[in-house]
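Q: Quick one: the structure is below, questions incoming.
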Amino acid sequence: MHCRRCQGLMRTETFFDLQLNAEFQGWRCLACGNVWDPIIDENRMPAENSYVPPRPSVPERKEGMTVQVKGKAPAHQRRLVRAE
Ligand SMILES: [Zn+2]
């Protein structure tokens, strides 16, 4: 087995899980010390039903367009409007 980080040689090693109070077999890279076990992969994978909200879209600002701030609302409530 080769390390995913550095492609170095890995060997099995017995680890101790303090939360489960149990030993388990994992792999440690002889070159970089990277530790791998199946649970690590499981935890790194996103859950099948997890929802990732889309990033808010920011309207593209066209060249030559100027903006002005209306009123004296706090910065987080200000609306940008097109200057005419
Ligand atoms: Zn490695």
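The values are calculated or read from the model by the stated rules, or taken from the named source; none is laboratory data. No experiment lies behind these values; they were computed from the predicted model shown. Note that each Cβ is placed from the backbone with ideal geometry, even for glycine, and that neighbours are counted across all protein chains shown.
Q: Would you check which residues across segment 26-41 are closer than 13 Å to Phe15 by Cβ and in a helix (DSSP H, G or I) and list them?
A: Of everything in segment 26-41, those that are closer than 13 Å to Phe15 by Cβ and in a helix (DSSP H, G or I) turn out to be Pro38, Ile39, Ile40.
Q: From (1) within 16 Å of the ligand (Cβ to nearest atom); (2) surrounded by 12 or more Cβ atoms within 10 Å (Cβ to Cβ), pick out the condition that doesn't hold for Ile39.
A: (1)
Q: Oh, and also: Could we say that Glu84 is more than 16 Å from the ligand (Cβ to nearest atom) and either part of a helix (DSSP H, G or I) or at pLDDT below 80 (or both) here?
A: Answer is yes for this residue.
Q: In addition: Being surrounded by 11 or more Cβ atoms within 10 Å (Cβ to Cβ), charged (D, E, K, R) and either at pLDDT below 90 or over 20 Å from the mean Cα position of the chain (by Cα) (or both), is that true of even one residue in segment 57-69?
A: No, because not a single residue in segment 57-69 is surrounded by 11 or more Cβ atoms within 10 Å (Cβ to Cβ), charged (D, E, K, R) and either at pLDDT below 90 or over 20 Å from the mean Cα position of the chain (by Cα) (or both).
Q: Of all residues being within 11 Å of the ligand (Cβ to nearest atom) and part of a loop (DSSP other than H, G, I, E, B) in segment 2-25, which is surrounded by the most Cβ atoms within 10 Å (Cβ to Cβ)? Just the residue, please.
A: Filtering segment 2-25 for residues that are within 11 Å of the ligand (Cβ to nearest atom) and part of a loop (DSSP other than H, G, I, E, B), the one surrounded by the most Cβ atoms within 10 Å (Cβ to Cβ) comes out as Cys3.
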